[in-house]
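Heads up, the thing below is written out as structure tokens.
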Amino acid sequence: MSLVRVFVMSFAVTMVSMLNIGTANAKSELVIGITQYPSTFHPNIDSMLAKSYVHGLTRRPVTAMSADWETVCLLCTKLPTLENGDAVLEMTPDGKEGIAVTYKLHAEAVWGDGVPVTSDDVIFTWEVGKHPKSGVSAAEGYRRILKIDRVNDKTFTFHIDRRTFDYNNISTLGILPAHIDRKNFEVPEAYKIKTAFDTDPMNPGLFMGPYRMTVAKPGSHMVFERNEKWWGKAPAFEKITMRVIENTSTLEANILSGGIDMISGELGLNVDQAVAFEKRHGDKFQIIFKPGLIYEHIDLMLDNPILQDVRVRQALLFSIDRDAISERLFGGKQPVAHTSINPLDWIYADDIPKYPFDMTKADALLNAAGWSKKVKGIRVNDKDETLRFDIMTTAGNRTRELVQQVLQSQWKAAGIDVRINNEPARVFFGETVTKRKFDSLAMFAWISSPESVPRTTLHSDSIPSEENNWGGQNYTGYVNPEMDALLEQIELELDRDKRKALWHRLQTIYATDLPALPLYFRANSFIMPKWLTGVRPTGHQFPTTLWVEDWDVAK
Amino acid sequence: MTMIGTTMAPAAKGQVLRRFLRHRLAVLSAVILGLLILFAMSASLVEALLGIDADAVDLFARYSPPTSQHLLGTDELGRDILVRLMYGGQVSLMVGLTATIAAAVIGTTIGIISGYVGGRTDAFVMRVTDGVIALPLLPLLIVLAAIDLNKLGIPESIVSSEDVSLYRIIVIVALAGWTTVARLVRASTLSIKTRPFVMAAQAQGATAFRIMTVHILPNLMSPIIVATTLSVGNVILLESVLSFLGLGIQPPLPSWGNLLTGAQETIWESPGLAFFPGMLIFVTVIAFNFIGDGLQDALDPRADDRR
Amino acid sequence: MTAFIIRRVIHSLIVIVVMSFVIYGLMGLMPGDPIDLMISADPNVTAEDAERLRAFYGLDQPLWSRYLNWLGAAVQGDFGYSRLYAQPVWAAIIPALQNTLILLISSLTLALVIALPAGIYAATRPYSVADYSINLAAFAGISMPPFWLGILLIMVFAVVLGWLPAGGTADAGGASGMWESIKFLILPVAALTIAGIGGHTRFMRASMIETLRQDYIRTARAKGLSENRVVLHHALRNALIPVVTILALDLGVLFSGALITETVFAYPGMGKLIFDAIMGNDYNLALVGLLLATALTLIGSLLADIAYASLDPRINYTDMDQ
């Protein structure tokens, strides 16, 4: 009898100790679970969330947006503004209105191999960025810079060819280490294949952040250790491991079994999964939900004659209960959107037309639009055409599929027949949406940045077509001259108050015309151990890892 | 190489049945399968009896436990689980049977022609078959499932219909699965065509078509039936795998495969949701396998030697 | 024998080349190119950027010319660059290949060790309780939806009991030492083995039953040899022949078919690689991966036929070409 007891006890002790596999070293090491591995480590080629998350640990942009939604200096020392004189209005050589912006890099900023970060690195980055054959994806930002003055080792001045309100925001420019990569750029066409970021990814000279990457196994994991040459506040953790686990159920299993300490909010569970997780295990973990800038919406094909009637579009929105969806499906963590502008953005206007769930209004609008007759519950017009739409989205995306089914059911109650037709992402984005081949409704998300002007999605010159080689993202085909003018004006308006007024008008038009049906802003769910402090979800595209030096273990 | 059981003489019907009945697990499986088919077919009946609509989304009753109306509770959108399982059964079973039969038809046709005609045709067909067999199955299905139907010239009305994912699965499984049956049939044809009664028919001047359909085909039925039955289970599993990858039957059309996939995201919180579709797939596939096994024993004339 | 092998090797090479074109063509039927996916992910990419990038990646050329370019380079040993992994294709494949081979060999070995004895045992006691149980177990394994099994294993052994890690590789989990590393393999190998073992067991059983029916077995028994000797010495050698051929063919299947297991257990192998390459429009990687899998199947088939011919003296090499 006692032998059995001894056996059971030792068994139990072994089990319990094994349960602590992951948490035993929790204090000096952190294991983060993410759902994707970056396809390239070069900061300016191929934009990917996984990459910017990882780079948050190892690199610093010149400027970034903080968790308080203010532009701040990370590599620079003082944010140049017109007010403090570091930004000066000027005329460009060919007579256009431009601006000269001067930055000063942090005196102690060095690369991981000890070489200082200098203006030469910035100039090299610009050369690579504007070269047509370097493989850099978004070249526009580089082309705007006409010239860079090298004032001294740490100070440089950009001469930009236009005056936009975000003149001092160069966060998308990832500074490249000239002393390492210049030789790989000798043949520009081969740069993408030869860049040290991919051929020598653990080279300490590529990093100027608190950590450097010591292990990189594609599809599997990455390990980061303290960068000895880091010139800022020392980070608390000696080692951070990022494990890539694409299947979210396995991700959950790992955090429950201790294989990982936390699940990244930027690259982790969906909100409905996280809400369900919270219900079951909320007491064992620290769970933070932060709504972000990912705007889930439904693009409406404005070529479709039925959808050209604004009353039908408005009725579509009135007949769905987005508050119920947000409340019931997402535990209230994903706020309903009224336009593409996020409530956290200072330009957000609240006094615009809104569409709470209202069947009577929907009914009235549809009747007025000629859809009053009903055959077997579905509306028909006098030509006996049925009020039918197709709603498409990315197959396999559970959350979107759930929302689709709810919407289908709600629209059916209003007499609108909506059929669900999903495709894999590569088909959906590769053909259907980008070439405007969807019949009526296309549900997907836009990732935007704070104060980002929706020019490519709303301007009439951004409608993808055969002629312009399918460039542009105005998939709905929205044409409104007043909107066009507003979009152009906002970019150039430097006065904050005047800009706010312009944004107000933009949102009002958007909410009245409804080129797209706003749904909600996706929230990021951060699942962390109770002993982790200092992680501040930002709500925009700058990841929490940019402030990893503030993360610590609770005392 | 000789495949076990390819050259089988047709057995008398009564004998077949008796032998089948000896195989207890096969009989049990047949009964269970019958019950499952009944289960699936009674979907609309149960809907009416319990007063529920399978598609009705009720956000206020998500994940609710079993009640007198919702005998198994509700799913992530408040829909009744039991009825959706039944409709899902209709889809899964239908896809399984149709796809397998389609593959069998294609395979048989190719196999008979290849085996009977022989010569260069046979050699060519066998090379093609070998090529298709050599391609890895799952990636092949994935590529086929991801193909843009418009590029193939298929009319828009079909491409955007609700059931297109259904047709697509049937077609791609048939396209990938005909090879096994083809080889089987060809081997059988080769041996059957040397039999006296075939030679006699040829001497009488019967056309190749007549010989193939009237004389050879009936003798092939046994191996074909066995192979087909054993494949149905595989197809049902394939459907669940494709649904897991997002390439199978698309919601809201329920199938056991996509019900299982749907449940896996919240598996730690509501494991019951995943249990039922998984169990049903499991039982169905086992049942088909045992029935196929039993049929193989029953149709094999040498089975009596075993005792 | 050498003539046969040479003929088969040439034949296989032809199949591979033809298949490379077929696969390239099939992928061409898939919509969208990587640039479209890039545009949807990054709002800053403009129309000019798209055009520039398409030219840069050679995507504005017709399919057949891209295929010929690839073929030309491949013949010289350059299999191209993987866009998804930002590495040459081979560098991206090798780690996945290693992982898959480990999984493959472990699970095949385990499957053999369990399936063969079980199949033999069941064959020697037909219609007994043991036979039924083994059959049931065998069928149970192959009838389970693969990821149901995987999640079940994780649930029981990783979350509830906490004995084993919930997926991942030894590397990723920071494991050191033999036992720690093996812990990561146990569950995925178990999942694959359970799924595959049924087929092998039943095949062994069927083959053994067929063999035991032969006349020479009856003779051996009549001679008074013990049942053990009859079964294990005389029958087994012949019964193994078809089983060996099935095993060889399994190589190809397991290679790329373990995708679900790899996904559920976060185990980066060839199945996942090929899938990601196809879905991510990485032509080069997908093509090489698929061809590798095809080649493996063909090699397996060749090995199976050679083994079959060597083991069974009745088989003539020329017979096998039909």
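The values are calculated or read from the model by the stated rules, or taken from the named source; none is laboratory data. Just so you know, these numbers come straight off a predicted model, no measurement behind them. Every residue, glycine among them, receives a Cβ derived from its backbone with ideal geometry; neighbour counts consider all protein chains shown. Accessible surface is based on the protein model in full, side chains and every heavy atom, while ligands, DNA and RNA are left aside. Shrake-Rupley method; radii C 1.70, N 1.55, O 1.52, S 1.80 Å.
Some values worked out for this structure:
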{"quantity": "Residue, nearest to A:Ser449 (Cα to Cα), within the stretch A:506-534, restricted to residues that are open to solvent by 50 Å² or more (accessible area, probe 1.4 Å) and within 25 Å of the chain's Cα centre (by Cα)", "calculated": "A:Arg522"}
{"quantity": "Residue match in the stretch A:258-279 (condition: among the polar types (S, T, N, Q), modelled with pLDDT of 90 or more and buried (at least 24 other Cβ atoms within 10 Å of the Cβ))", "calculated": "yes"}
{"quantity": "Residues located in the stretch C:255-287, provided they are within 15 Å of B:Ile142 (Cα to Cα), acidic (Asp, Glu) and buried (at least 24 other Cβ atoms within 10 Å of the Cβ)", "calculated": "C:Asp282"}
{"quantity": "Residues that are touching a helix residue (DSSP H, G or I) at 6+ places or on another chain (Cβ under 8 Å) and either part of a loop (DSSP other than H, G, I, E, B) or closer than 17 Å to A:Pro515 by Cβ (or both), drawn from the stretch A:477-489", "calculated": "A:Tyr478, A:Val479, A:Asn480, A:Pro481, A:Glu482, A:Met483, A:Asp484, A:Leu486, A:Leu487"}
{"quantity": "Qualifying residue in the stretch A:440-452 (condition: modelled with pLDDT of 90 or more, in a loop (DSSP other than H, G, I, E, B) and of a type in the set (Ser, Thr, Tyr))", "calculated": "yes"}
{"quantity": "The stretch A:413-431 - residue that is more than 8 Å from chain C (Cβ to nearest Cβ) and β-branched (Val, Ile, Thr) and, of those, farthest from A:Glu385 (Cα to Cα)", "calculated": "A:Ile420"}
{"quantity": "The one condition in (1) over 24 Å from the mean Cα position of the chain (by Cα); (2) within 14 Å of chain C (Cβ to nearest Cβ) that B:Ala200 fails to fulfil", "calculated": "(2)"}
{"quantity": "Some residue of the stretch A:163-170 being among the polar types (S, T, N, Q), buried (at least 19 other Cβ atoms within 10 Å of the Cβ) and out of contact with any Lys or Arg (no Cβ under 7 Å at 6 or more places or on another chain)", "calculated": "yes"}
{"quantity": "Of residues in the stretch C:75-93 being part of a helix (DSSP H, G or I) and within 24 Å of A:Tyr191 (Cβ to Cβ), the one nearest to the other protein chains (Cβ to nearest Cβ)", "calculated": "C:Ala92"}
{"quantity": "Leading residue by the ranking (surrounded by the fewest Cβ atoms within 10 Å (Cβ to Cβ)) among those in the stretch A:197-235 that are in contact (Cβ under 8 Å) with a residue 40 or more places away in the chain and closer than 19 Å to C:Trp90 by Cα", "calculated": "A:Ala216"}
{"quantity": "Wholly enclosed helices (runs of 4 or more DSSP H) of the stretch C:137-237 bearing at least 2 residues loosely packed, with under 14 Cβ neighbours inside 10 Å and hydroxyl-bearing (Ser, Thr, Tyr)", "calculated": "C:215-222"}
{"quantity": "Among the candidates B:Ile142, B:Ile106, residue that is more than 14 Å from chain C (Cβ to nearest Cβ) and of a type in the set (A, V, I, L, M, F, W, C)", "calculated": "B:Ile106"}
{"quantity": "Every residue from the stretch A:355-376 that is touching a residue at least 12 places away in the same chain (Cβ under 8 Å) and surrounded by 14 or more Cβ atoms within 10 Å (Cβ to Cβ)", "calculated": "A:Tyr355, A:Phe357, A:Asp358, A:Met359, A:Lys361, A:Ala362, A:Asp363, A:Leu365, A:Leu366, A:Ala369, A:Gly370, A:Trp371"}
{"quantity": "Test for A:Lys333: is it part of a loop (DSSP other than H, G, I, E, B), in contact (Cβ under 8 Å) with a residue 60 or more places away in the chain, open to solvent by 50 Å² or more (accessible area, probe 1.4 Å) and farther than 30 Å from A:Lys279 by Cβ", "calculated": "no"}
{"quantity": "Failed condition for C:Ala138, given (1) farther than 21 Å from C:Gly196 by Cβ; (2) at pLDDT 85 or above", "calculated": "(1)"}
{"quantity": "Verdict on A:Ile341 being away from chain C (no Cβ under 14 Å) and under 22 Å from A:Thr508 (Cα atoms)", "calculated": "yes"}
{"quantity": "Within the stretch A:298-320, considering residues that are crowded, with 20+ Cβ neighbours inside 10 Å and in a loop (DSSP other than H, G, I, E, B), the one nearest to the chain's Cα centre (by Cα)", "calculated": "A:Met301"}
{"quantity": "Flag if A:Asn474 is within 25 Å of the chain's Cα centre (by Cα), closer than 22 Å to A:Gln314 by Cα and assigned by TED's automatic domain parsing to the domain that holds A:Met443", "calculated": "yes"}
{"quantity": "Residue match in the stretch A:217-238 (condition: out of contact with any strand residue (DSSP E or B) (no Cβ under 7 Å at 6 or more places or on another chain), hydrophobic (A, V, I, L, M, F, W, C) and closer than 30 Å to A:Asp390 by Cβ)", "calculated": "no"}
{"quantity": "Qualifying residues in the stretch B:244-267 (those that are modelled with pLDDT of 85 or more and hydroxyl-bearing (Ser, Thr, Tyr)) - the one most open to solvent (accessible area, probe 1.4 Å)", "calculated": "B:Thr261"}
{"quantity": "The stretch A:64-81 residues that are free of Cβ contacts under 8 Å to residues at least 40 places away in the same chain, paired with ones that are not in a strand (DSSP E or B) (beta carbon under 6 Å, 6 or more apart)", "calculated": "A:Val72/A:Ser66; A:Cys73/A:Leu79; A:Cys76/A:Val62; A:Thr77/A:His106"}
{"quantity": "Residue match in the stretch A:443-455 (condition: out of contact with any His (no Cβ under 8 Å at 6 or more places or on another chain), within 30 Å of C:Arg52 (Cβ to Cβ), without any contact (Cβ under 8 Å) to a residue 12 or more places away in the chain and within 14 Å of another protein chain (Cβ to nearest Cβ))", "calculated": "yes"}
{"quantity": "Residue within the stretch B:42-54 that is surrounded by 19 or more Cβ atoms within 10 Å (Cβ to Cβ), free of Cβ contacts under 8 Å to residues at least 24 places away in the same chain and not aromatic (Phe, Trp, Tyr) present", "calculated": "no"}
{"quantity": "So B:Gly88, is it assigned to a helix (DSSP H, G or I), more than 27 Å from B:Thr213 (Cα to Cα), out of contact with any Lys or Arg (no Cβ under 7 Å at 6 or more places or on another chain) and of a type in the set (Gly, Ala, Ser)", "calculated": "yes"}
{"quantity": "Within the stretch B:66-83, considering residues that are not in a loop (DSSP other than H, G, I, E, B) and not charged (D, E, K, R), the one farthest from B:Thr284 (Cα to Cα)", "calculated": "B:Thr74"}
{"quantity": "The stretch B:274-285 residues that are within 16 Å of B:Glu239 (Cβ to Cβ), paired with ones that are hydrophobic (A, V, I, L, M, F, W, C) and open to solvent by 50 Å² or more (accessible area, probe 1.4 Å) (beta carbon under 7 Å, 6 or more apart)", "calculated": "B:Val283/B:Ile32"}
{"quantity": "Qualifying residue in the stretch C:105-118 (condition: over 30 Å from C:Thr201 (Cα atoms), of a type outside the set (Lys, Arg), open to solvent by 30 Å² or more (accessible area, probe 1.4 Å) and over 18 Å from the mean Cα position of the chain (by Cα))", "calculated": "no"}
{"quantity": "Conditions (1) within 20 Å of C:Pro117 (Cα to Cα); (2) in contact (Cβ under 8 Å) with a residue 12 or more places away in the chain: number failed by C:Asn228", "calculated": "(2)"}
